[in-house]
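Chemist: Handing you a structure now.
The values are calculated or read from the model by the stated rules, or taken from the named source; none is laboratory data. Predicted model only: the values in this text are computed from it and were never measured. Here the Cβ is made from the backbone with ideal geometry for all residues, glycine too, and neighbour counts use every protein chain on show.
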Amino acid sequence: MPEVLEAAHIKPHKYSGPEEVDNGFAMRTDIHIFFDTGNLRISTEGDVELSEIARSNYGWSIPPKIVIPDYVNRNYLQWRWENYVGI
């Protein structure tokens, strides 16, 4: 359902993340919130890591691994994995 999807920046603009396609994912709105608050991380290999609270409330509905689209710049994913802890 496109109505529940949003564009999520991988490297946020406030950390010099560009407004480019390779710096984003289409995410469901609730997953986008988890991503932006540091409750969900995605590795360069597509491993999905959840915070304890996200795992206990949503873990059953979020896959442990995703396929990273070819257009995504994995350097941005690596930056986020190493540096970003939430809004």
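Chemist: Taking the stretch 40-55 on its own, how many of its residues are closer than 21 Å to N73 by Cα, assigned to a loop (DSSP other than H, G, I, E, B) and either among the acidic types (D, E) or modelled with pLDDT under 95 (or both)?
Modeler: Count: 1.
Chemist: Shifting gears a bit: For V72, are the conditions met, namely being crowded, with 17+ Cβ neighbours inside 10 Å, among the β-branched types (V, I, T) and at negative phi? Lay out the reasoning, then the answer.
Modeler: Details: crowded, with 17+ Cβ neighbours inside 10 Å: yes; among the β-branched types (V, I, T): yes; at negative phi: yes.
So V72 fits the description; yes.
Chemist: What's the number of the only condition in (1) of a type outside the set (A, V, I, L, M, F, W, C); (2) out of contact with any Phe, Trp or Tyr (no Cβ under 8 Å at 6 or more places or on another chain); (3) in contact (Cβ under 8 Å) with a residue 24 or more places away in the chain that N83 fails to meet?
Modeler: (2)
Chemist: If you don't mind, there's one more thing I want to ask. Please verify whether the stretch 56-72 includes one or more residues that are charged (D, E, K, R), out of contact with any His (no Cβ under 8 Å at 6 or more places or on another chain) and part of a helix (DSSP H, G or I).
Modeler: Initially, the stretch 56-72 is screened for residues charged (D, E, K, R), giving 65, 70.
In the following step, the residues that additionally are out of contact with any His (no Cβ under 8 Å at 6 or more places or on another chain) were identified as 65, 70.
Checking the rest, the ones that are also part of a helix (DSSP H, G or I) come to none.
No, that holds for no residue.
Chemist: Which members of the stretch 63-87 meet the condition of being of a type in the set (K, R) and over 18 Å from H13 (Cβ atoms)?
Modeler: Of everything in the stretch 63-87, those that are of a type in the set (K, R) and over 18 Å from H13 (Cβ atoms) turn out to be K65, R74.
Chemist: May I pose another question? Restricting attention to the stretch 28-69, and to residues there that are under 18 Å from A7 (Cα atoms) and of a type in the set (K, R), which single residue is surrounded by the fewest Cβ atoms within 10 Å (Cβ to Cβ)?
Modeler: It comes out as R28.
Chemist: Okay, next question. Check whether at least one residue in the stretch 48-62 is among the polar types (S, T, N, Q), in contact (Cβ under 8 Å) with a residue 12 or more places away in the chain and touching a helix residue (DSSP H, G or I) at 6+ places or on another chain (Cβ under 6 Å), and report yes or no.
Modeler: No; the residues of the stretch 48-62 include none that is among the polar types (S, T, N, Q), in contact (Cβ under 8 Å) with a residue 12 or more places away in the chain and touching a helix residue (DSSP H, G or I) at 6+ places or on another chain (Cβ under 6 Å).
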